[in-house]
Amino acid sequence: MGGIVAGRYVPAPAALWLLGAAGTWAAALVLARREPEAGRIALAAAIVLAGAGGGAAAWHRVPAGHLAGFCPAGRSALATVTGRVLTVPQCQAVGPATSFAAWERPALTHYLLEAESVSTLAGPRPCCGRVEVRIDGDGTDVAAGQQVRIAGRLSLVGGASNPGQRDRRDQARRDGVLVQLSAPAPEAVTALSPPPRGPSRLLWRLRAIAGRRLGAGAEPHGRMILGALVLGHRPAQLYDLQQSMVRSGVAHFLSISGMHLGILLGLAYLILRLAHASPRWSAGIVLVLLVVYLLAMEPRAPVLRGAIMAAGYCLAVILGRPANGTNLLAAAAIVLLVADPVDLFRPGFQLSFVAVAGISLLLGPVRRWLFGRWLARAGLIVFTRDERLRRWWWRVGLPFVANSVGVSVAAWLAGAPLVAYHFGVFTPLAPLATLLLLPIMTATLVTGYVQLVGSLWLANLSAGLGGLADALTGLLAVTAEQLGRLGPCIELRPVPAWAAALATGAIVAAAHRRRLALSRAWAAVFLLGAATILVAATQMDARPREAVFTVLDVRDGLCSVLRTPSGRTVLFDAGSRSLTDPYSQVLRPCLRQRRWPPPIAAFVSHAELDHYNALPALIDEEGLPVLVTHDRFDDGDPAGPVADLLHRVHRRSTRHRRLARGRQVRLDDRTTVTCLWPPAAAGYDTLNANNGSLVLRLDCDGVRFLLPGDIEHLGQQLLLDLDPAALAADVLILPHHGSATPALEAFVAAVDPAVVIRSSAPRRDGAVRELETLAVNRRFVATSEDGAVTVTVVDGRPVVSTFAVDGE
């Protein structure tokens with residue numbers, strides 16, 4: 001593991017690492033007899049260097065002829081790709097879940113393709129590499145293993161473009177994917193060969209039958225939950241349930257792990273032993289069942305880890321040998337990392353192995369800490385023949401409770417630092433939620449397994465279990481939702497990797513202070529250090545010295561965040577037509593990454609969804625003290641999204657303030673917002689929504705920002721006729737996302753900015769050149785090309801940085 005980490009982060013070619021591994025391996029062989037201790041050190045070094053070589057090759061090496069070489073940097077290209085389908089096509093409905101979705105999105109089909117050739121404007125060429133295929137519509141009429149030809153837009157997988165945003169490029173790289181192919185419709189896919197025959201066809205057919213028969217007779221939502229628990233399917237419709245489980249600290253329940261595998265195999269072994277099968281025969285049959293189950297589901301690191309350990313235990317029983325859990329855990333890690341070194345950087349791999357290692361290391365100390373006094377007393381009690389219930393409790397019930405609670409607490413303690421690092425949350429009641437949900441989940445899993453096996457011979461019995469499965473999955477969902485609401489979920493600021501590792505080490509050291517010859521004082525110091533890391537991760541950023549204004553990349557839309565010199569956070573529009581949830585996808589990660597407090601106010605220029613549809617989630621989750629709009633914001637929308645937004649505003653006691661030309665809002669003693677448009681006078685009420693946008697001038701420490709909303713030609717011309725001198729500013733956000741109008745050139749000239757910012761999705765090259773012509777002799781930046789744009793007020797002048805260049 002140390003070698004793989006070094007191979008990723010130390011800049012050295014894989015060949016150099018492997019050459020060093022070969023040299024130290026030879027040295028280990030020479031020293032093995034003469035200097036055994038030195039030989040062991042050389043052997044350890046050879047293993048580290050070999051791991052570094054494998055890690056560097058897996059993470060950094062791109063083979064010749066890879067499809068990534070045909071993708072233009074920073075944009076997409078039309079191409080036709082021929083290859084073989086690697087995974088079962090999954091179709092997910094991504095339509096609007098609320099009235100605040102900007103437009104109804106079609107279903108999306110996605111799968112992985114192993115590329116064989118590509119045709120571009122330069123002609124057909126052979127190629128290689130995995131491709132993430134995305135098709136608008138239901139494109140599930142192709143099968144895994146089938147050769148297909150797909151016409152669409154080819155591009156590199158994009159990375160994060162905003163602070164704190166999830167990096168899709170890093171996640172795709174862990175899956176061995178560098179390229180994505182987007183097709184506009186299922187008709188863009190042409191099958192070139194029939195579904196595969198032989199073992200591969202049998203494998204995919206097995207998975208298709210399992211997916212079709214599981215949950216027969218249950219409601220669609222219940223079938224999806226069963227599919228997630230039993231077969232590892234994760235449809236987008238379970239997002240709300242997944243979030244509830246994340247808040248309650250039991251997100252691992254919804255993805256197959258060693259716990260799910262243990263329930264299945266333990267149940268099978270128990271049934272076989274009750275049927276008077278010998279331990280060896282029972283272990284052999286369980287081993288066969290394990291292989292069949294792995295073929296029927298989607299293999300992932302937590303499942304494979306559990307499968308390797310379970311296979312080891314079965315072989316130990318068959319061979320009559322003792323099994324060592326620690327050795328089996330190490331063997332599972334070695335097998336998986338040799339097969340794919342990149343697995344080490346996947347959160348699922350890390351959490352799975354750390355949880356099991358935590359149970360091995362912490363179960364004893366946790367049991368002694370929580371139940372030691374009662375367990376010691378149980379061995380000293382003498383029972384009479386009539387005290388059967390009391391004897392059962394002290395001899396059976398109490399140890400069972402102690403082990404159950406101890407396993408839950410030990411796994412939670414070991415995984416809490418990693419959960420904080422990867423997901424930014426701390427759930428102190430997760431062990432209790434685990435104990436409450438475990439019986440329901442066990443019953444649900446047993447029902448699913450029985451239904452899946454019974455469907456092969458007893459179809460009527462399988463369908464009859466659908467109602468029971470539906471009731472159990474419904475109970476599981478409701479219980480998880482209630483636990484998510486009741487249980488405290490502390491959202492943390494970014495936790496560095498070293499802090500997570502230090503907290504884990506402190507917990508283990510404190511638990512094993514006796515073995516490590518540590519006094520209680522040192523154990524307390526370690527635990528205090530872990531608690532300090534937790535407290536530090538919940539703190540906001542210190543009060544800044546200067547104002548920071550950021551325009552986030554939300555594609556088609558506008559979302560700007562201001563941090564005033566006094567430390568207050570203010571929004572100027574917050575919405576997107578391109579993103580399904582702009583608050584969770586962009587705004588909240590940015591605030592969390594920067595450790596900024598929740599916004600105290602939001603200025604919304606006009607009633608278009610791409611300027612405010614991030615606010616409902618913000619209001620529901622954090623609240624919003626003040627909403628600022630113009631007088632006609634809610635005209636003509638008595639029951640639509642605007643009415644829904646204002647209903648949330650009044651329900652949360654948010655103050656709704658309306659502005660008109662000439663009014664000012666003082667954010668602090670150094671920051672003022674002045675409204676330049678629209679006028680309150682009669683005659684302007686016939687303007688459309690765009691031309692009636694709020695036009696705001698933000699003044700802070702001698703630097704002016706002009707925020708013109710979506711005003712079009714008429715609005716720009718009226719402002720020029722009314723008072724062009726009031727438009728002068730140092731920073732201009734282009735009106736209506738940079739749309740060209742006859743008055744735009746004169747409008748930009750009147751503003752005369754030093755910095756021009758465009759917030760929009762990528763535009764055609766001609767439109768970009770027109771805007772760059774308008775911004776000649778000025779700094780021109782666009783969120784579509786530069787990512788989030790940040791302007792910092794330093795000594796009375798604007799200093800620009802972009803996420804694409806400067807990062808964060």
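Numbers below:
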| quantity | calculated |
| --- | --- |
| Selection within the range 475-507 - under 19 Å from VAL250 (Cα atoms) and more than 20 Å from the chain's Cα centre (by Cα) | LEU475, LEU476, ALA477, VAL478, THR479, GLN482, LEU483, ARG485, LEU486, GLY487, PRO488 |
| Scan of the range 475-490 for residues that are under 25 Å from GLN593 (Cβ atoms) and loosely packed, with under 15 Cβ neighbours inside 10 Å, ordered by number | PRO488, ILE490 |
| Exclusive hit being open to solvent by 60 Å² or more (accessible area, probe 1.4 Å) and either in contact with a Lys or Arg (Cβ under 8 Å, 6 or more places away or on another chain) or modelled with pLDDT of 90 or more (or both), set ASP730, ASP752 | ASP752 |
| Identity of the residue in the range 564-576, within 26 Å of the chain's Cα centre (by Cα) and under 14 Å from ASP710 (Cα atoms), that ends up surrounded by the fewest Cβ atoms within 10 Å (Cβ to Cβ) | GLY575 |
| Selected residue (only one of PRO544, PRO565, PRO589, PRO598 is over 30 Å from LEU609 (Cβ atoms) and at pLDDT 85 or above) | PRO565 |
| Failed item, numbered, when VAL649 is tested on (1) in contact with a strand residue (DSSP E or B) (Cβ under 6 Å, 6 or more places away or on another chain); (2) over 30 Å from LEU722 (Cβ atoms); (3) not in a helix (DSSP H, G or I) | (3) |
| Any pair with Cβ under 7 angstrom, 6 or more apart, that starts in the range 378-391 at a residue that is open to solvent by less than 100 Å² (accessible area, probe 1.4 Å) and ends at one that is modelled with pLDDT of 85 or more and not in a loop (DSSP other than H, G, I, E, B) | ALA378/TRP394; ALA378/ARG395; ALA378/LEU398; ILE381/TRP394; PHE383/ARG390; PHE383/ARG391 |
| Residue that is nearest to PRO184 (Cα to Cα), among those in the range 30-62 that are of a type outside the set (Gly, Ala, Ser) and open to solvent by less than 50 Å² (accessible area, probe 1.4 Å) | TRP59 |
| Qualifying residue in the range 2-21 (condition: in a helix (DSSP H, G or I), farther than 26 Å from GLY176 by Cα and free of Cβ contacts under 8 Å to residues at least 12 places away in the same chain) | no |
| Residues being farther than 22 Å from ARG697 by Cα and either open to solvent by less than 10 Å² (accessible area, probe 1.4 Å) or over 25 Å from the mean Cα position of the chain (by Cα) (or both) - total across the range 577-608 | 5 |
| Candidates VAL425, VAL401, VAL366 - the one that is open to solvent by 30 Å² or more (accessible area, probe 1.4 Å) and either out of contact with any strand residue (DSSP E or B) (no Cβ under 7 Å at 6 or more places or on another chain) or of a type in the set (Val, Ile, Thr) (or both) | VAL401 |
| Tally of residues being open to solvent by 40 Å² or more (accessible area, probe 1.4 Å) and outside any helix (DSSP H, G or I) across the range 168-177 | 1 |
| Among residues of the range 708-726, those that are open to solvent by 60 Å² or more (accessible area, probe 1.4 Å) and either in contact with a Phe, Trp or Tyr (Cβ under 7 Å, 6 or more places away or on another chain) or under 10 Å from ASN691 (Cβ atoms) (or both), counted | 3 |
| Any hit, the range 135-155, residues being modelled with pLDDT of 85 or more, under 23 Å from VAL554 (Cα atoms) and surrounded by 20 or more Cβ atoms within 10 Å (Cβ to Cβ) | yes |
| Yes/no for PRO742 being open to solvent by 10 Å² or more (accessible area, probe 1.4 Å), out of contact with any Lys or Arg (no Cβ under 8 Å at 6 or more places or on another chain) and either part of a loop (DSSP other than H, G, I, E, B) or among the β-branched types (Val, Ile, Thr) (or both) | yes |
| Residues satisfying the stated conditions in the range 679-707, i.e. surrounded by fewer than 14 Cβ atoms within 10 Å (Cβ to Cβ) and of a type in the set (A, V, I, L, M) | ALA681, ALA682 |
| In the range 66-79, residue nearest to ILE150 (Cα to Cα) [restricted to those that are at pLDDT 85 or above, touching a Lys or Arg at 6+ places or on another chain (Cβ under 8 Å) and open to solvent by 30 Å² or more (accessible area, probe 1.4 Å)] | LEU78 |
| Residue that is nearest to SER784 (Cα to Cα) [pool: residues in the range 80-107 that are at pLDDT below 85 and part of a strand (DSSP E or B)] | GLN92 |
| Matching option when the condition is outside any loop (DSSP other than H, G, I, E, B) and at pLDDT below 95, among LEU687, LEU714, LEU706, LEU696 | LEU714 |
| Count of residues meeting criterion [part of a loop (DSSP other than H, G, I, E, B) and touching an Asp or Glu at 6+ places or on another chain (Cβ under 8 Å)] in the range 111-128 | 1 |
| Number of the exception - GLN165 against (1) at pLDDT 85 or above; (2) outside any loop (DSSP other than H, G, I, E, B) | (2) |
| Condition met for LEU676 (assigned to a strand (DSSP E or B), surrounded by 15 or more Cβ atoms within 10 Å (Cβ to Cβ), touching a residue at least 24 places away in the same chain (Cβ under 8 Å) and more than 37 Å from the chain's Cα centre (by Cα)) | yes |
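The values are calculated or read from the model by the stated rules, or taken from the named source; none is laboratory data. Treat the numbers as computed from the prediction; the structure is a model and nothing was measured. Neighbour counts run over all protein chains shown; Cβ positions are idealised from the backbone, glycine included. Ligands, DNA and RNA are excluded from the accessible area calculation, which covers all protein heavy atoms including side chains. Shrake-Rupley method; radii C 1.70, N 1.55, O 1.52, S 1.80 Å.
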